[in-house]
Amino acid sequence: MSAHTEDTALETLLLPFTEGQLTWPDDGVLFLRARDGSSLHQQAWPGLICEQSFKPQADALQRAGFKLNVNEVAPQSYSTVLVLPPRQRAEARALLARALAATKPGGRVIAAMSNNEGARSGEADLAQLAGPVSTLSKNKCRVFWTAPLHDVVDMSLITQWQALDEVRQISDARFVSRPGVFAWDRIDEASALLAAHLPKELRGRAADLGAGFGYLSVELLTRCPGIKQLDLYEAEQRALDLAQRNLASFESRVTLEYQWHDVTSGLPHAYDVIVSNPPFHTQSSTDRPDIGRRFITVAAAALKSGGRLWLVANRHLPYEIVLNESFGKVRMVAQQHGFKIIEAIRK
């Protein structure tokens, strides 16, 4: 998101300061799940430290000149912590709890959400943790903030809610995952369908674009012994950390590289094989087929002559034109359960 892009939740988050209900502190502010946007460029925000694990948004914040903390560990405590909670409620509760844990005695937590992504629930959750909150509504969003934090904070609930985001085993303990990453508590049906159709003869250097917590990479290496190097590209650092844990058992026989990377910006290496279940929306539920189309274009540019892309997508997504423009041969391998499996071979 560029500095010229409107972000209604971000604008609403800053309302208590821009409208004078709160004063910006002079001893530093932590901004969890920070995003760049035009509202951050209307005035100076001295001492602002941003935390963002999603690569495109982290890159935008750095380009805009904001200080970025890439770890989920606050380097100190703060008198003010800003939060843009995610839609997933367990993850959002854990983030609010972590915000409170990072706040100095007498400090405040301020959060904002759009109405259609759980603002009412988020407000209730913050009040449950910290007592009565103040609120403002604008832009079909809501900003809510605590009173100065003292003994009213429920420390036992903070500990309990922070644990909601802990890494845990899923899928009969084959994988570890955590709330907030794509299909975090199950094996995604589309990825499983693609894995079932991967031919055993795939070999050479491979890449998994949008690797998530590593399911498809594990299946590729299990089914295709000819793969000798695999690069996992994932924009969400939280998911990439999980993938590294889930693929640890392959490190003795395969060269693995984990790339915190925005695939839409292109790839730095050439490949014999690329597999992908590309995203087709961002943090909202609105379809964004342009993201998947860009994944296909980037894959074509990175594949060697004769290299093969194995792709799964929702059947309705319009990828065929860009596939036919980018590859010498395209075939529909399967259509099942609302998904399509496609193999495309580079000229």
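The values are calculated or read from the model by the stated rules, or taken from the named source; none is laboratory data. None of the values given here were measured: they were computed from a predicted structure. Using ideal geometry, Cβ is built from the backbone for each residue, glycine included, and neighbour counts are taken over all protein chains shown. What goes into the accessible areas is simple: the full protein's heavy atoms, side chains included, and nothing from ligands, DNA or RNA. Shrake-Rupley method; radii C 1.70, N 1.55, O 1.52, S 1.80 Å.
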Using amide H atoms built in the peptide plane, which far-off residues or other-chain residues are under 5 Å from residue 138 H to H? 143
Relative contact order, percent, the chain [alpha-carbon distance under 8 Å, six or more residues apart]: 11
If you roll a 1.4 angstrom probe over the protein chains with everything in place, what fraction of the accessible area of the chain belongs to carbon and sulfur, to the nearest %? 48
For residue 241, what accessible surface area do you get with a 1.4 Å probe? Give it in Å², rounded to 10. 70
Accessible-area order (highest first, 1.4 angstrom probe) of the listed residues 297, 80: 297, 80
Grab the Cα-Cα distance for residue 42 and residue 151, subtract it from 0.36 nm times how many residues apart they are, and report the gain in nm with one decimal. 35.7 nm
Residue-normalised accessible area of the chain, expressed per residue, 1.4 Å probe, Å²: 44
Identify which of 92, 130, 147 has the largest mean-square fluctuation in a Gaussian network model of the chain, with springs joining Cα atoms closer than 10 Å. 147
Per DSSP H run of n ≥ 4, the term is -39500 (n - 2.57); total these for the chain, divide by its residue number, and report the mean residue ellipticity at 222 nm rounded to 500 deg cm²/dmol. -8500 deg cm²/dmol
How high is the relative contact order of the stretch 131-218, given as a whole-number percent (alpha carbon pairs under 8 Å, six or more residues apart)? 17
Residue 200 versus residue 173, label points 7 Å from Cα toward the beta carbon: distance in nm? 2.9
Expected unfolding gain across residue 135-residue 62 under the 0.36 nm per residue rule, minus the alpha-carbon gap, is 23.3 nm
Tell me, what is the FRET efficiency for residue 245 and residue 345 to the nearest 0.05, using R0 = 35 angstrom and their Cβ-Cβ distance as r? 0.60
Given 268-275, 154-161, the highest-first ranking by average Cβ count within 10 Å works out to 268-275, 154-161
With everything on Cα atoms, drop me the angle between helix 119-130 and the longest principal axis of the chain, reported from 0 to 90° to the nearest 10. 60
What percent do you get for the relative contact order of the stretch 70-176 when only Cα pairs under 8 Å and 6+ apart count? 27
P(r) tail for the chain, what percent of Cα pairs lie past 38 Å? 23
Expected vector for the stretch 294-300, Karplus 3J(HN,Hα) from phi with 6.51, -1.76, 1.60 and θ = phi - 60°, integer Hz, x for Gly and Pro, equals 5, 4, 5, 4, 5, 4, 4
In the structure shown, do any of 55/200; 55/140; 200/304; 200/340; 67/104 have a Cα-Cα gap over 22 Å, and if so which? 55/200; 55/140
